[in-house]
Amino acid sequence: MFSKIFRSYMPNLLSFILFLPSCDWSVSRKSADQLGSALKIAGGCDVGVDDQVGLSTVAVVYHKELRVRAGKTCSGALVGKRTVLTAKHCFKAGTDCQIIFGRRLDDPQAQSINCKAIIGPPHDDVAIAYLVKDAPSSYKPVPYLTQKDELQVGETILLAGYGKTSWDAPDETRGTLRSTGWSQRISKFYPESKTFRYEGRGGCHGDSGGPVFIKRKDVGLTLAGIHVSGDPNCRQYGYNVDIRFLADWIEKTVAEQEHPRWNDRAF
């Protein structure tokens, strides 16, 4: 009797196993389409030690008393040796911060560097965290799009960050670098707010400021945006700042901070 029931459910069981989310981001575009939003930061896969995503994604701690404190961490993208791009709304309580370099924030080998936030233009949810010294040599700044670059609806994106595994998970689940894999696509642009949208699961609480990557021929991993908001349950959609419209501000701001008067005493 049992063997008959087992045989009747075997095809469905095999299908379920075959389409479980995978952490191998080298899967084909067809495979990624089949997996859909099952690959996600909210419950998604940890970023591996050798994954290029982890070489330019960092955590932003905007409460300096503790390395990780509930509700006090965001994510960011390293775009220069001393420059991290992140979300403005992470700095409502002040501009002092720390950047954490490591896959897990509770890792004793993770490195931290103090920083000061430089708030972006009035209507744009973006900020630069400027470090007091260069990032670790193992980390690599990621190139980012400019206004001359094209970005299209349907283009595949990857989100990364240190946020919660689901909307109802405790804050203690923050602190591990995770990625959606190449499982999301741009669904709509909003030029008036300099943002674009994706559908399905993705960023969650703590992923604000995290990088939204694309791949470009002859360049590889490229920053297209930073994650700034989504539906409260982290299940239906998300919004990202379109970095193309802020590239000039980023370059100008970084150039200003490189002035000799900017030094460690400012912190």
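Where a number appears in this text, it was derived from the coordinates with a stated rule and is not lab data. All values reported here derive from a predicted model rather than from experimental measurement. Using ideal geometry, Cβ is built from the backbone for each residue, glycine included, and neighbour counts are taken over all protein chains shown.
Residues with beta-carbon under 13 Å from that of Val219, excluding Val219: net charge, scoring Lys, Arg +1 and Asp, Glu -1?
Values: positive: Lys140, Lys215, Arg216, Lys217; negative: Asp149, Asp218.
Neighbour charge sum, excluding Val219 itself: +2.
Could you work out the local net charge near His123, counting Lys and Arg as +1, Asp and Glu as -1, over the other residues with Cβ closer than 12 Å to its Cβ? Each step should come with its number before you reach the end.
Working: positive: Lys88, Lys194; negative: Asp124, Asp125, Glu192.
Net charge in that neighbourhood comes out at -1.
Would you mind putting 116-123, 196-203 in packing order, based on average other-beta-carbon counts within 10 Å, highest first?
On the way: 116-123: 14.6, 196-203: 24.0.
Result, highest mean first: 196-203, 116-123.
At Thr95 and Gln111, where each label point lies 7 Å from the Cα along Cα→Cβ, what is the point-to-point distance in nanometres?
In this crude label model, Thr95 to Gln111 measures out at 2.5 nm.
For Asp134, put the label point 7 Å out on the Cα→Cβ axis and report which residues of the stretch 82-107 keep their amide N under 11 Å from it.
82
List the residues whose amide H sits under 5 Å from the amide H of Gly202, counting only those 5 or more places along or on another chain, with H placed 1.01 Å from N in the peptide plane.
Those qualifying (amide H under 5 Å, at least 5 residues apart or on another chain) are Ile41, Ala42.
Once you place label points 7 Å from the Cα toward the Cβ at Ser187 and Arg104, how far apart are they in nm?
3.4 nm
May I ask you to compute the full-extension gain from Gln52 to Arg197, defined as 0.36 nm times their residue separation minus their alpha-carbon distance, rounded to one decimal in nm? Please list the in-between numbers first.
Numbers: separation 145, 0.36 × 145 = 52.20 nm, distance 2.39 nm.
Working it through step by step, the gained length comes to 49.8 nm.
Students often get this wrong, so check it: of Lys72/Lys148; Lys92/Lys217; Lys72/Lys217; Lys116/Lys194, which have C-alpha atoms separated by over 32 Å? Please list the in-between numbers first.
Numbers: Lys72/Lys148 35 Å; Lys92/Lys217 38 Å; Lys72/Lys217 37 Å; Lys116/Lys194 24 Å.
Beyond 32 Å: Lys72/Lys148; Lys92/Lys217; Lys72/Lys217.
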